[in-house]
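The values are calculated or read from the model by the stated rules, or taken from the named source; none is laboratory data. From a predicted model like this one, the values you see are computed outputs, not experimental measurements. Because the Cβ atoms are built from the backbone with ideal geometry, glycine has one as well, and the counts that use them run over all protein chains shown. Side chains included, ligands, DNA and RNA excluded: accessible areas come from the protein's heavy atoms. Shrake-Rupley method; radii C 1.70, N 1.55, O 1.52, S 1.80 Å.
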Amino acid sequence: MISSRIKWKTYINRNAIIAFALSVFALAFVFPGGTSELPGDPKQVAFEVIDRNADQIATLGDVLYYFAEPGMQEYESAKFVKETLESAGFKVELGGAGMPTNVWARWGSGKPVIAIATEMDALPEGSQTPGSIPRKPLVEGAPGHMEGHNVMGAVGVGAAFAVKKTMEQFKIPGTIILSIGPAEEQLISRPYLVRDGYFKDVDAALLTHVADNSATGYGLQNYALIGAKFTFKGKTAHGGVNPWDGKDAVDAVVLMDIGFDKLREHLRPTYRGHRTITMGGIQPNIIPDVGQIWWFIRDANGPWAKENFDKLVNIARGAALMTGTTMEMEPFGAAWPSLGNKAIAEAIQKNIELVGMPKWTEEEQKFAKELQKSLGRFEIGLPTQASRLVAARQNSSSNDIGDITWVVPTATVRFPVAVPGVLAHHWSAAITPATSIAHKGAVVGAKVLAASALDLLTSAELRTAAKNQFEEDTKDTKYFSLLPPDAKPPVDLNKEIMDKYRPEMRKFYLNKKVAFK
Ligand SMILES: [Zn+2]
């Protein structure tokens, strides 16, 4: 195979057209069905790149941990990641789809186009000292990485860099994209990215997320969601003296709440509907002229969630009519259920088995057990065997990254950073994402991700299988945006929090540089 390729090469120099045709033919031989059949295995090269840069990936994750920026406020994180990627040779765009902290990086050219997608936002009130089992915020009340999204940003960059180096060395054609979307925790960014066409040329995507093990899956993973804030405006008056002159905006909020409770009986058993009253007046003797209620409406698929949501909007209109108030709706979060592609998941699973699990030290196992003990969980330590591939069981949570999975064949690489038994969105989940446990998990995650991206770049068979699976999975339900046509991303989300805490948080910034080699 190799010698005949050399012979062709001497011949084809004479004619550019023949050269092109033959190099395509040659590539078909070089990359028949995966990367592992080559002399000088590209995956092994990618793994060496990741091992060589393990400390850089760890530092990047730690730097993001201390930035601890919640959704839409990932300014320092986005800037740092942009600089890191640019110094590694990527073209990086910030601000896509009207979101200043959106990171969209690419390297290479032409088809196939493979995207890695993740997020790096923190959560309000999650500040914690890494490695401290007792509650010990770095800055009292400040945001923190109590889910480990900081490690995901680092793993995405590490994997994309390893893929680039390998593509260069083996002259693998195509494009690698890294998409880090803002505000996953508020389910904001991906519907906007999809709406603006960011994924329209992408052939396949790999999502990545921290977990308590190495794992992937296929099928429907979770629920569709539409969120919105409804603001009613009326007229203030004295509650005791002249209430007949007032138009009570909080009455509208209450009537909307009652209206949805009446609707509940007539929704499918799969629905979820929950709300919080975000503006409820000042004191009883002031008729409130502003009231606001924020809803999340979910169901097992996009069309059903939309159906429920449209009924909710009618209830809001009715509440405004009943009270003589005005109603404004501000879209706030939307998501399709994540759909895992079986063909891609099977390729990922092979890579999970190829890469293996992190080699935990005795101290790391002891630490994990102490943490589990302190939380009243089973003291099982850290996993030493990866999960098996299974069909997903659909749960009723939601994640805006789901929108990508309905426009591009996609599956998820989960990697071990969380201690089993520790629940995300609790401060105890912020203990490990900047420790050696996270650093080791990140290396495993980056390797599985890079190897899976290489499979998709080099195997036309895998891409075709993924596409066929995608067509089968989506034949009855076609994607449409759950966003109203005029919806704009809420770019001031979490701004007040960061205005308040950033000066104190800044004192903990690592001030380190990251340079991939
Ligand atoms: Zn998450």
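Of everything listed in (1) modelled with pLDDT under 95; (2) surrounded by fewer than 19 Cβ atoms within 10 Å (Cβ to Cβ), the single unmet condition for K311 is (1). Residues in segment 126-158 that are away from the ligand (no atom under 16 Å from the Cβ) and part of a helix (DSSP H, G or I): 2 in all. For the criterion of being open to solvent by 20 Å² or more (accessible area, probe 1.4 Å), in contact (Cβ under 8 Å) with a residue 60 or more places away in the chain and within 16 Å of the ligand (Cβ to nearest atom), D212 passes. Within segment 360-379, one or more residues are in contact (Cβ under 8 Å) with a residue 60 or more places away in the chain and part of a loop (DSSP other than H, G, I, E, B).
The selection criterion, being over 30 Å from G302 (Cβ atoms), surrounded by fewer than 24 Cβ atoms within 10 Å (Cβ to Cβ) and not basic (K, R), holds for P420. Going by what's in this entry, would T175 be described as open to solvent by less than 10 Å² (accessible area, probe 1.4 Å), within 13 Å of the ligand (Cβ to nearest atom) and assigned to a strand (DSSP E or B)? Here the answer is no, as T175 does not meet what is asked.
For segment 370-416, which positions are surrounded by 23 or more Cβ atoms within 10 Å (Cβ to Cβ), among the polar types (S, T, N, Q) and out of contact with any His (no Cβ under 7 Å at 6 or more places or on another chain)? Once the filter is applied, which keeps residues that are surrounded by 23 or more Cβ atoms within 10 Å (Cβ to Cβ), among the polar types (S, T, N, Q) and out of contact with any His (no Cβ under 7 Å at 6 or more places or on another chain), segment 370-416 yields S398, N399, T405, T410.
In the list Y198, Y192, which residue meets the criterion of being assigned to a loop (DSSP other than H, G, I, E, B), crowded, with 21+ Cβ neighbours inside 10 Å and more than 16 Å from the ligand (Cβ to nearest atom)? Just one listed residue meets the conditions, Y198. Exactly one residue out of R393, R414 is of a type in the set (D, E, K, R) and either away from the ligand (no atom under 16 Å from the Cβ) or not in a strand (DSSP E or B) (or both), and it is R393.
Residue by residue, here is whether (1) in a strand (DSSP E or B); (2) β-branched (V, I, T); (3) within 24 Å of the chain's Cα centre (by Cα); (4) more than 18 Å from K229 (Cα to Cα) holds:
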| position | (1), (2), (3), (4) |
| --- | --- |
| P288 | no, no, no, no |
| I297 | yes, yes, yes, no |
| N308 | no, no, no, no |
| M322 | no, no, no, yes |
| E330 | yes, no, yes, no |
| I352 | no, yes, yes, yes |
| P358 | no, no, yes, yes |
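Do we have any residue at all in segment 421-438 that's within 16 Å of the ligand (Cβ to nearest atom), aromatic (F, W, Y) and under 30 Å from K467 (Cα atoms)? No, every residue in segment 421-438 fails to be within 16 Å of the ligand (Cβ to nearest atom), aromatic (F, W, Y) and under 30 Å from K467 (Cα atoms).
A single entry from H425, H439 fulfils the requirement of being modelled with pLDDT under 95 and under 30 Å from G131 (Cβ atoms): H425.
Between P269, P337, the distinction of being touching a residue at least 24 places away in the same chain (Cβ under 8 Å), within 21 Å of Q221 (Cα to Cα) and either in a loop (DSSP other than H, G, I, E, B) or open to solvent by 70 Å² or more (accessible area, probe 1.4 Å) (or both) belongs to P337 only.
Restricted to helices (runs of 4 or more DSSP H) entirely inside segment 1-88, those with at least 2 residues that are modelled with pLDDT of 50 or more are 42-52, 54-67, 75-87. Are any of the residues in segment 168-175 at pLDDT 95 or above, small (G, A, S) and closer than 21 Å to L60 by Cα? No, the conditions are met nowhere in segment 168-175. Where helices (runs of 4 or more DSSP H) fall wholly inside segment 432-511, the ranges with 3 or more residues that are open to solvent by less than 20 Å² (accessible area, probe 1.4 Å) are 436-458. For segment 224-245: of the residues being open to solvent by 20 Å² or more (accessible area, probe 1.4 Å) and touching a Lys or Arg at 6+ places or on another chain (Cβ under 9 Å), which is nearest to the ligand (Cβ to nearest atom)? By that ranking, first place goes to K233. For segment 116-124, the condition of being more than 16 Å from the ligand (Cβ to nearest atom) and touching a helix residue (DSSP H, G or I) at 6+ places or on another chain (Cβ under 7 Å) holds for none of the residues.
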